[in-house]
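Read the figures in this text as sums done on the coordinates, not as results from a lab. Computed from a prediction, not measured in an experiment: that's the story for all the values here. No Cβ is skipped: glycine too gets one built from the backbone with ideal geometry, and neighbour counts run over all protein chains shown.
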Amino acid sequence: MQKLLKIDHKIYFSWLAIFAGAILPLAFAPFGYYLVAEVALLLLLFIWFKASPGWAFWYGWLFGAAFFGCGIYWVYISIHHYGHAPAILAISILALLVAVLALYPALQGYLLNRIYLQDDWRKFLLAFPLSLAILEWIRGWFLSGFPWLFLGYGHIDSPLRGWATIFGVYGVSFAIAQTAGAIFCMFLYRKNKKVLIALMLLIAVLWGVGASIAKINWSKQIGEPVEVSLIQGNITQERKWRDEELWSIINSYAILTAKNFNSKIIVWPEAAIPTYPENVWLYLKLLSFVAKRNETTILSGTPFYDKQDERYYNGLMAFGASVGKYYKRHLVPFGEYMPLKFMLSWLHKFFTIPMSGFSSGSKNQQDLFAGKILLAPFICYEIAYPGLVLDYVPRAGLLVTVSDDSWFGNSIAAPQHLEVARMRSLEVERYQLLSTNTGISAIIDAKGKVIARAPVFQQAVLNAKIVAFLGSTPWVSYGQYVWLPLFLLGLWLARCRK
């Protein structure tokens, strides 16, 4: 009978772990219930408490599987609906991705219960948030990386957002986890008044200091406000890659652009020109001539073929008042290139994704300007990599991201993408132009606030005035070098503490 009760107990905790993971996406866009993150972590800590390392691993994996399964289900849409892969293959790829990502919270649960004893609340309050933030960092680069759904993104509108200017999104994730850990310890030590007071003070400091830091202006405006326009073409994937639709698509962008030559910067989305520039060179030359006369720089996503190295690139070109190009550095696996091609080349038989044989651009590329403003260019989910942004800032005065989120249909992917972009602007204190094909196109200020936003799945032109910035947040100046050693030191101290 006692053995049966133990089995039921573990089944109950397994379902509770699934529930906690399934509700966690509600903390992110488009829902924005950011306190759900603390609730989900609190449930997870309750499940992990007194569990063996093996069972903590299992509960953590279930939590992660539910979290990522509900949070990135849109991967299935891109593979099946637009990549035309069989449903069973699309489900299998999504399931494999989710299963791998779920290993991160599973590993955290195992390590916490194996290495860090839970009889010292101070040790626990170091180990839990530090391990979570470090594992998020590892997830952002290991095996190409998947820097999506970091906990900090969901708190872009909370008082904790200020920590992003000091330690990046990882600092916000740390503060979220430490808040949940403090509440959990308050429950465990509810009869110890001194501990309760210390924990309440900790929460107050985390949230109060975070809110205060968010108000600090680390950078300063340079130059006068500049009028900008984002062109949201709303071109369906079914139309985009048909040869007979090419001129109709380019004309639609040109017509919308011609009405906005009062803007000094006009941005078209990723692959707005769905062919190589040399195939439409005369048309672009005429458009560039008119733009130059109006002192306007047009930025457009387009594929490139580099004759020198005989490679294809997903890129961004500037023409008009300023001329230049950028080759995308961080490609999407399976969508833009085939990883482990010697093993997985057979998968191409089941995909019909156009322009999927790209090469990565080098880190050292020529600077891209719009007038006198040095740009930090990003394509698609490159903006999700904090390190890529730090390669350009503080030199760059403006972030520009072009994307095509129509691959994910009317899902939560586009709002999540906007949320990530907002965090990057907040971290480095720069305005950002986010131009997408079907939405969400947006203009983001240097504090991560959206000042203009276009509706999804509608052709639209977004106009606003922006300013370039000069200066560095602590995250830009030293945070990228300090936070990881500091967090690792904290883990070591928690391990050594008696």
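Couple of notes before you dig in:
- Across the stretch 269-280, rounded Karplus estimates of 3J(HN,Hα) from the backbone phi angles (6.51 cos²θ - 1.76 cosθ + 1.60, θ = phi - 60°) give x, 4, 6, 4, 8, x, 7, 6, x, 5, 6, 10 Hz, Gly and Pro being marked x.
- Average Cα contact separation per residue, the chain, under 8 Å, 6 or more apart, as relative contact order %: 16 percent
- Of the trypsin sites (Lys or Arg not before Pro) found in the stretch 221-305, those that fall in a DSSP loop while having at most 14 other beta-carbon atoms within 10 Å are R242, K259.
- Under-5 Å amide H pairs with V267, H placed in peptide plane, nonlocal only: S229, L230, I231, L299
- For the chain, the membrane-span-like helices by this rule, meaning whole DSSP H stretches whose C-alpha atoms cover at least 15 Å of axis and whose Kyte-Doolittle mean is 0.5 or above, are 2-23, 36-48, 53-71, 87-101, 121-139, 164-188, 193-214, 246-258, 281-293, 480-496; this says nothing about an actual membrane.
- Gain on full stretching of the segment that runs from N294 to F19 - 0.36 nm per residue minus C-alpha separation: 93.4 nm
- Here K10 is the anchor, and the lysines within straight C-alpha reach of less than 20 Å, apart from those fewer than 8 places off in the same chain, are K50.
- Semi-axis lengths, largest first, of the ellipsoid equivalent to the stretch 222-316 are 23, 17, 13 Å, with √(5λ) applied to each eigenvalue of the Cα gyration tensor.
- Distance violations [Cα-Cα > 32 Å] among K215/K465; K215/K259; K285/K465; K191/K215: K215/K259; K191/K215
- Among the chymotrypsin sites (Phe, Trp or Tyr not before Pro) within the stretch 85-189, those in coil by DSSP and having at most 14 neighbouring Cβ atoms inside 10 Å are W141.
- Taking each DSSP H run with n ≥ 4 as -39500 (n - 2.57) and averaging over every residue of the chain yields -14500 deg cm²/dmol at 222 nm.
- With the simple model of a label 7 Å out from the Cα in the direction of the Cβ, D243 to K465 spans 4.8 nm.
- Each residue of the stretch 435-447 is assigned a 3J(HN,Hα), and the resulting list reads 10, 10, 5, 10, x, 9, 7, 7, 10, 10, 7, 6, 9 Hz, derived from the Karplus form 6.51 cos²θ - 1.76 cosθ + 1.60 (θ = phi - 60°), x at Gly and Pro.
- For the chain, the mean projected area of the C-alpha convex hull, equal to one quarter of the hull surface, is 24.9 nm².
- In angstrom, the C-alpha Rg and Dmax of the stretch 220-471 are 17.1, 54.
- Amide hydrogen proximity for T436: with H placed 1.01 Å from N in the peptide plane, the residues at 5 or more positions away or on another chain lying under 5 Å are S403, S441, A442.
- Value of relative contact order over the stretch 220-471, rounded to a whole percent, pairs C-alpha under 8 Å and six or more apart: 23 percent
- Three principal axis lengths of the stretch 120-221 [C-alpha, angstrom, descending]: 48, 38, 18
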